[in-house]
1. So, in the stretch A:79-96, of the ones that are touching a residue at least 60 places away in the same chain (Cβ under 8 Å) and charged (D, E, K, R), which residue ends up farthest from residue B:37 (Cα to Cα)?
2. Can you find, within the stretch B:84-115, the residue that is surrounded by the fewest Cβ atoms within 10 Å (Cβ to Cβ) among those that are within 12 Å of chain A (Cβ to nearest Cβ) and of a type in the set (Gly, Ala, Ser)?
3. For the stretch A:91-111, give me the residue count where each residue is outside any strand (DSSP E or B) and under 10 Å from the mean Cα position of the chain (by Cα).
4. Considering the stretch B:66-78 alone, what residues qualify as being within 30 Å of residue A:36 (Cβ to Cβ) and either touching a residue at least 40 places away in the same chain (Cβ under 8 Å) or open to solvent by 70 Å² or more (accessible area, probe 1.4 Å) (or both)?
5. Determine if the stretch A:47-55 includes at least one residue that is more than 21 Å from residue B:92 (Cβ to Cβ), assigned to a loop (DSSP other than H, G, I, E, B) and within 14 Å of chain B (Cβ to nearest Cβ).
6. In the stretch A:75-97, which residue that is closer than 15 Å to residue A:28 by Cα and in contact with a strand residue (DSSP E or B) (Cβ under 6 Å, 6 or more places away or on another chain) is modelled with the lowest pLDDT?
7. I'm told residue B:81 meets every condition in (1) open to solvent by less than 50 Å² (accessible area, probe 1.4 Å); (2) part of a strand (DSSP E or B) except one. Can you identify the failing condition by its number?
Amino acid sequence: EPEVTQTPSHQVTQMGQEVILRCVPISNHLYFYWYRQILGQKVEFLVSFYNNEISEKSEIFDDQFSVERPDGSNFTLKIRSTKLEDSAMYFCASSERDRAYEQYFGPGTRLTVT
Amino acid sequence: AQSVAQPEDQVNVAEGNPLTVKCTYSVSGNPYLFWYVQYPNRGLQFLLKYITGDNLVKGSYGFEAEFNKSQTSFHLKKPSALVSDSALYFCAVRDPNSGNTPLVFGKGTRLSVIA
């Protein structure tokens, strides 16, 4: 069964450093998402991406964040200058189509900012 | 704006007994509703969804959920719980009238099935 994959599984970085989290969505999916989950808290939406552009973003997704689909398979989330409060589990998700279609989540990348 | 409430942080049930994990929602119009499960150190796995049609929806691993529009609820149920069902369960809602809206998740309910 196809699945969403994410690398790395765990990333440790120092405050102020740039990190890139990578995702490979399911191949025939058209919509891509990033969510994050701070330890012990709910899953929060960051950004959605369709047709090579951001379609929606939350207030969490400020200028420090960016997303890119550099080729036909990868979908990346970049944090330019990490802060301690960026420490969280970051989940990538994809869906075949919009709205009524379920999103399939990757296993997540645990980001620890020290 | 849409929102989801899961009123219970923790649900404990004995193996073999029926289980219910509660979810209520707030959204304008008719909602799209989803349940996901998260096992330790894993991502979220899709269980089931309600889009339209029959109010009782059946999903993976024997789970089902009932959409109740008058009570704005979408409780997750299973007739006979297994120890392996122990996990974190998230209810999520999506407004079908607002473009490419994201899933809005509840805070999660931890289900513990005791042998």
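The values are calculated or read from the model by the stated rules, or taken from the named source; none is laboratory data. Source: prediction; values computed, not measured. In this analysis, Cβ positions are derived from the backbone assuming ideal geometry, glycine residues included, and neighbour counts consider all displayed protein chains. Side chains included, ligands, DNA and RNA excluded: accessible areas come from the protein's heavy atoms. Shrake-Rupley method; radii C 1.70, N 1.55, O 1.52, S 1.80 Å.
1. Residue satisfying both the conditions and the ranking: A:80.
2. Among those residues, the one meeting the criterion is B:99.
3. 2
4. Across the stretch B:66-78, the qualifying residues are B:72, B:73, B:74, B:75, B:76, B:77, B:78.
5. yes
6. Once the filter is applied, the top-ranked residue is A:95.
7. Single failed check for residue B:81: (2).
One line per residue, one yes/no per condition, for (1) touching a Lys or Arg at 6+ places or on another chain (Cβ under 7 Å); (2) more than 9 Å from every other protein chain (Cβ to nearest Cβ); (3) at negative phi; (4) open to solvent by less than 20 Å² (accessible area, probe 1.4 Å):
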| site | (1), (2), (3), (4) |
| --- | --- |
| A:17 | no, yes, yes, no |
| A:21 | no, yes, yes, yes |
| A:42 | yes, no, yes, no |
| A:78 | no, yes, yes, no |
| A:82 | no, yes, yes, yes |
| A:97 | no, yes, yes, no |
| A:102 | yes, no, yes, no |
